[in-house]
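S.K.: Shown below is the structure under consideration.
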Amino acid sequence: MSKTKLSAIFILAITLVVPRVSGVNAQTSATQEPKEIYSFAFDDEAEQGEYFTGSASIGIEWVFGADMGHGDDNALKITHTEGTDYNSYNNAVRLTFPEPLSVGKVYRVSAWFYAPSEGNEGKKTLTGPGIVLNGDYAGAQGVSKFPTDFGSLPLDEWKGIDVTLPALDSPVDFFDIRIVVNDAPFHPDVWYMDNIEILQVGEASEEAKTPEWDLSLPSLRTVFSDYFLVGNIMEPAQTSVSETTTMFTHHYNIVTPENSMKPSYMARAKGQYNYSGADTFVDWAEKNGLLVHGHTLVWHSQSADWLTKDEDGQPLTRKEAKANMEEYINAVAGHYSGRIHSWDVVNEAFTTSVGGVPSDWRTALRALSGGSEASSWYAAYENGADESKGEHASDYIYDAFVFARLADPNALLYYNDFNETYQGKREVIASMTEELNERWKSDGRNTEPNRLLIEGIGMQAHYWTSNLRAEEVEDTIVRFAKTGAIISVSELDIPLGSWSKYGEPTEAQLRRQADLYKQVFEVYLKYADNIERVTFWGKADPQSWRGQGYPLLFDKYFSAKDSFWAVVGTAGVSEGDVVTPDPLTPFESTDNGNGSESPDNGGSEPPGDDGDGGGGNAVWIVMAVVAVSAGALSMFFINKARK
């Protein structure tokens, strides 16, 4: 094995202290003399080439030339394949080890990365590189993506990462080395890696404690069964873990796919749909009597370029983008028609911050440019809009809801967004909902005049302990309720700290978190007649996308935190009380014969960044009634949304 050639150039060191890796929970010691396990300088393809493979959207090449590498003349060149997606999973380089990294050992991983300006013209700030252990993008086994603070990758200079992993309690067979982003403007088309080194620097200093779900805890779905549905997120890879399934059906009655139903996972190219991961997810939900909330059909992020851009990355015309949207929604929502309880039809159409209270909600939309604030849907719909006919770039939102209604008439249709408690943001969301629902009343395609088009508003509820104000949550619910739409708390988490700095898990901080969970649930119960669902965005702290802030009800050992008891306490349940859930009744398969329309890519696909379609209305209604008897759904919620 060739030795890594290190230079004296400054290395950006990111040393992490994280609670779990692939099921790890151990105190670690890194006091031993470092021992080299693997080293790759990309100077011997004949010996080491078999260990590196490229994913679906890239080609890899061992290159040699003067100063080609980091302090040497060798590197691995990665080139994005034109016309394919930028999903980080499909653009990752997989390093498969000759022998797995061992259980109980502590490893330090370092590597260098480079993105040249040539070949990356027109790119915005490139998001930094990172590694994923054993391909566990979904976090099914705990924290598996490093570094958590990945930063950016500057052009024309080498950047290093240096990560110390906690002790492993399961072997690591391979790393996926990737750019941590799914969007073309922030992902290089050409990049290099060099000098990968893996050292053993310690061992577990005490026996690892295996996390375990406590099923004697009060069932969340049962505690709140008289008020609203209670949900959480899953991914296809997680559905095979029996302990997770048992826990999920104990606490929850509705499930949202964290990533696997987003457009970048469903259709990488026009006419090529991959339902394999989402089918696994929906089949699992039905088998276990869980309702499914689909997430999401139209979004500016984690979308497929073919929907809105031409081969040169320029906006399609309005006509072309509209046709693509209709095709996509008909395909995806149609494939699962009758099997999805509700859809996030449009996600995050408005800018992050909305100053003041705009007189026209359209002025607050993500528009043509502005980095992460841009929307390719807006840009395409602007390209060819005829103002004399009343056309506007914002029409993509209305079209998306109409296409979704026609493709799956039985599903509740939601608009979903974050920062919703800020006055300007909540007002533009509410105004848009009211205006588009009014427009739908006179639309000739409307066959149910007493039913809203935008039936629900999703409050993402990604809060912080530093600035969450329960009165602002209440004001938002009151305003949204005035639109006539039902409300869901769609992605709830409350990490310690603020957007610029995570807080430490001190007793005081955790008490503060518990009190805030108590306050918001008191508001939810007060307005339960207006709320269909409360969904937590993550099952336990280390499995959260905001895991550094310990944001959820369960800790790294899957034990209930004070926040859990604060939440159930709002419904009169105290620690020690027994609240046993009724069993959920499985839904019968309602295969509509669509079948998958593209080859299987190997199963579920990872994040950020998971049966065939359903039968007719009668089957869905029967299944809903069955679910009522099992405590999974009250038709009351559907009636509220369609009033």
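S.K.: Kindly provide the pair-distance distribution of the range 63-214 built from C-alpha pairs, with 10 Å bins from 0 and whole-percent values in order of increasing distance.
M.R.: 10, 38, 33, 14, 4, 0
S.K.: Quick check: pseudo-label points 7 Å beyond the Cα along Cα→Cβ at residue 575 and residue 506, how many nm apart are they?
M.R.: Placing both labels 7 Å beyond Cα along the Cβ direction yields 2.1 nm.
S.K.: Which order do peptides 277-288, 377-388 fall in by mean Cβ count within 10 Å, highest first?
M.R.: For the peptides 277-288, 377-388, the packing ranking is 277-288, 377-388.
S.K.: In the structure shown, do any of 309/389; 262/389; 35/556; 501/556; 270/319; 145/539 have a Cα-Cα gap over 22 Å, and if so which?
M.R.: Numbers: 309/389 24 Å; 262/389 32 Å; 35/556 29 Å; 501/556 20 Å; 270/319 15 Å; 145/539 17 Å.
Those over the limit are 309/389; 262/389; 35/556.
S.K.: If r is the Cβ-Cβ distance from residue 46 to residue 157 and R0 is 25 Å, what FRET efficiency results, to the nearest 0.05?
M.R.: Taking R0 as 25 Å, the efficiency between residue 46 and residue 157 is 0.25.
S.K.: Right, something else. At 1.4 Å probe size, with every protein chain present, just tell me what the per residue accessible area of the range 424-476 comes to in Å².
M.R.: That works out to 39 Å² per residue.
S.K.: Now for a different question. Return the carbon/sulfur percentage of the accessible area of the range 238-342, one whole number, probe 1.4 Å, all protein chains in place. Could the numbers behind the result be given before it?
M.R.: On the way: 1370 of 3020 Å².
In the range 238-342, the share of accessible area belonging to carbon and sulfur is 46 percent.
S.K.: Say each of residue 311 and residue 215 gets a label point 7 Å from the Cα, pointing the same way as Cα to Cβ; how far apart are those two points in nm?
M.R.: Reported label-point gap for residue 311 and residue 215 is 5.6 nm.
S.K.: For the range 409-487 and the range 496-553, compute the distance between their C-alpha centroids and round to whole Å.
M.R.: 22 Å
S.K.: Right, here's the next one. Separation between the residue 102 and residue 585 pseudo-spin-labels, each 7 Å from Cα along Cα→Cβ, expressed in nm?
M.R.: A separation of 5.5 nm, rounded to one decimal place.
S.K.: Jot down the radius of gyration and Dmax of the range 484-569, Cα atoms only, both in angstrom.
M.R.: For the range 484-569, the Cα-based Rg and Dmax read 13.1, 42 Å.
S.K.: Moving to a separate point now. Give the Rg/Rh ratio for the range 358-485, taking Rg as the radius of gyration of the Cα atoms and Rh as the Kirkwood radius, to two decimals.
M.R.: So for the range 358-485, dividing Rg by the Kirkwood Rh gives 0.98.
S.K.: Quick one: give the max-minus-min coordinate of the C-alpha atoms of the range 431-494 along each principal axis, largest first, in Å.
M.R.: 48, 18, 15
S.K.: So how exposed is residue 125, as accessible area in Å² (1.4 Å probe, rounded to 10)?
M.R.: 100 Å²
S.K.: Still on this structure, I have one more. Assign one of three labels to the range 279-327, namely rounded, prolate or oblate, based on the Cα gyration tensor with a ≥ b ≥ c the square roots of its eigenvalues; rounded applies when a/c is under 1.5, prolate when it is not and a/b is larger than b/c, and oblate otherwise.
M.R.: prolate
S.K.: Let me ask something else. With a 10 Å radius around each residue's Cβ, average the other Cβ atoms per peptide and rank 96-104, 247-255, highest first.
M.R.: Averaged packing, sorted descending, gives the order 247-255, 96-104.
S.K.: Using the scaling law 2.2 N^0.38 Å as the reference, what is the normalised Cα Rg of the range 235-375?
M.R.: On the way: Rg = 17.3 Å, N = 141, 2.2 N^0.38 = 14.4 Å.
The value comes to 1.20.
S.K.: Moving on to the next point. Give me the 1.4 Å probe accessible area per residue for the range 218-342, excluding ligands and nucleic acids, in Å². Can you show the working numbers first?
M.R.: Details: 3440 Å² over 125 residues.
Accessible area per residue, the range 218-342: 28 Å².
S.K.: Let me ask you something else. Please give the contour-minus-distance gain from residue 498 to residue 73: 0.36 nm per residue of separation, less the Cα-Cα distance, rounded to one decimal in nm.
M.R.: Difference between extended and current length: 148.6 nm.
S.K.: Once you have the Cα-Cα distance between residue 63 and residue 392, take 0.36 nm times their residue separation minus that, and quote the gain in nm to one decimal. Could you put the intermediate results ahead of the total?
M.R.: Values: separation 329, 0.36 × 329 = 118.44 nm, distance 4.90 nm.
Full extension from residue 63 to residue 392 adds 113.5 nm.
S.K.: Using 10 Å bins from zero, what percent of all Cα-Cα pairs in the range 287-359 falls into each bin?
M.R.: 16, 38, 28, 16, 2
S.K.: Here's another thing I want to ask about it. Please list, or write none, the lysines whose alpha carbon is within less than 19 Å of the alpha carbon of residue 526, excluding same-chain residues fewer than 8 places away.
M.R.: 482, 518, 640
S.K.: Once every Cα of the range 90-155 carries one equal point scatterer and solvent is ignored, give the base-10 log of I(q)/I(0) from the Debye formula at q = 0.13 Å⁻¹, two decimals.
M.R.: So the normalised log intensities are -0.49.
S.K.: Rounded to the nearest 0.05, what FRET efficiency do residue 528 and residue 330 give with R0 = 41 Å and r taken as the Cβ-Cβ distance? Could you check?
M.R.: Plugging the Cβ-Cβ distance into 1/(1 + (r/R0)^6) gives 0.70.
S.K.: Evaluate the charge dipole of the range 430-485 about its Cα centre and quote only its size in Debye, nearest 20, assuming +1 on the Cβ of each Lys and Arg and -1 on the Cβ of each Asp and Glu.
M.R.: With only Lys, Arg, Asp and Glu charged at Cβ, the dipole is about 160 debye.
The values are calculated or read from the model by the stated rules, or taken from the named source; none is laboratory data. Everything numeric in this text was worked out from a predicted model, so none of it was measured. Reconstructed Cβ throughout: ideal geometry from the backbone, glycine too, with neighbour counts over all protein chains shown. Each accessible area value is taken on the protein alone, full model and side chains, heavy atoms only, with ligands, DNA and RNA left out. Shrake-Rupley method; radii C 1.70, N 1.55, O 1.52, S 1.80 Å.
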